[in-house]
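All remarks here apply to the structure that follows.
The values are calculated or read from the model by the stated rules, or taken from the named source; none is laboratory data. Quantities reported herein were computed from a predicted structural model and do not represent experimental measurements. Here Cβ is always computed from backbone atoms with ideal geometry, including for glycine, and neighbour counts include all displayed protein chains.
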Amino acid sequence: MNKELIKDIDNKFYTAKNDNVFKAIFCDEKDTFLLKTLIERCLKTKIELIEIHSPEKIKENIYAKGQRLDVLVKADNKLINIEINSGYYEALHRKSFGYIGGKYSEEVKVGESYLDMGDIIQINFTWELPKKYPILGEYPSIDVKTGIQFVDNFNIYEYHMDKIKELWYSGDKEYEFLAIFDFDKEELKKVGTGDKYMTEFKKKIENLNNNKRYKEFLSAEEDMRKTNNTFKEIGRREGAEIGALEEKRHIAKNLLKEKVDMKIISKSTGLSFDEIENLK
């Protein structure tokens with residue numbers, strides 16, 4: 001690894017906005033304090049039993065690619081899925097709903113009675129949500145006119161992480177336990193010692209960022225993701241360009257049928273005379 005890249009990695013501070021970092025902090029099967037406290041504060045209720053039930057077992061080796069998973073836990077009679085969304089895109093909620101809907105369908109098949117089902121809950125921590133979304137959105141399945149619930153054991157909670165950070169900067173500490181997910185080094189210095197959850201989180205995030213090997217893993221994964229996204233964008237643009245060219249050719253062909261002068265066709269479509277000639 002070249003010196004410049006090592007220097008960049010050393011200077012980089014990874015936050016829990018990165019889903020791998022989030023899982024490394026919260027998915028410790030030997031110590032569930034942070035995850036238990038997080039869920040209790042999000043749902044505003046106490047939970048007594050918590051087990052991590054990820055789609056693939058969280059591996060002890062934190063460098064394993066299998067760690068990039070949704071967090072699925074069982075707490076009391078609740079099945080809770082937690083998603084970290086570092087960015088918003090148009091189909092995000094469809095994807096998110098599709099996953100938790102699938103888990104609901106699986107749970108329907110368990111037990112001797114449909115009444116045996118526990119609560120199915122999804123908690124999304126999402127950055128870059130449009131401004132129209134609230135700080136905390138709650139989305140049960142209810143009738144919009146009467147407020148009657150279609151089912152009483154399904155709910156989705158989504159936190160607008162950018163608004164939560166803004167709230168923290170304004171001095172409101174209500175959601176500080178979530179704002180800390182994306183604290184940089186300087187912001188972490190402002191975290192007090194009176195809250196065990198905040199103190200433990202701070203210690204874990206700092207330890208991860210002091211682990212050079214782990215940061216190299218994150219950097220390589222980040223680079224791979226950016227490379228894949230670049231190729232996807234190139235493909236999308238090339239596809240758009242091909243589609244636009246085909247549209248121009250289609251227009252040119254129709255104009256040729258109408259005996260329109262080639263100069264006009266060229267000016268209208270941007271095609272060269274040779275390209276138009278080849279369409280005859």
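Note on segment 76-185: no enclosed helices (runs of 4 or more DSSP H) hold 2 or more residues that are outside the structural domain of Y14 (by TED's automatic domain parsing) and not small (G, A, S). Among the residues of segment 186-213, those that are aliphatic (A, V, I, L, M) and either in contact (Cβ under 8 Å) with a residue 60 or more places away in the chain or not in a loop (DSSP other than H, G, I, E, B) (or both) comprise L188, M198, I205, L208. Please indicate, with yes or no, whether at least one residue in segment 173-182 is at pLDDT 80 or above, under 30 Å from K12 (Cβ atoms) and exposed (fewer than 11 other Cβ atoms within 10 Å of the Cβ). No: segment 173-182 contains no residue that is at pLDDT 80 or above, under 30 Å from K12 (Cβ atoms) and exposed (fewer than 11 other Cβ atoms within 10 Å of the Cβ).
Filter segment 120-132 down to residues that are in contact with a helix residue (DSSP H, G or I) (Cβ under 8 Å, 6 or more places away or on another chain) and of a type outside the set (V, I, T), then give me how many there are.
Residues that pass the stated criteria total 6.
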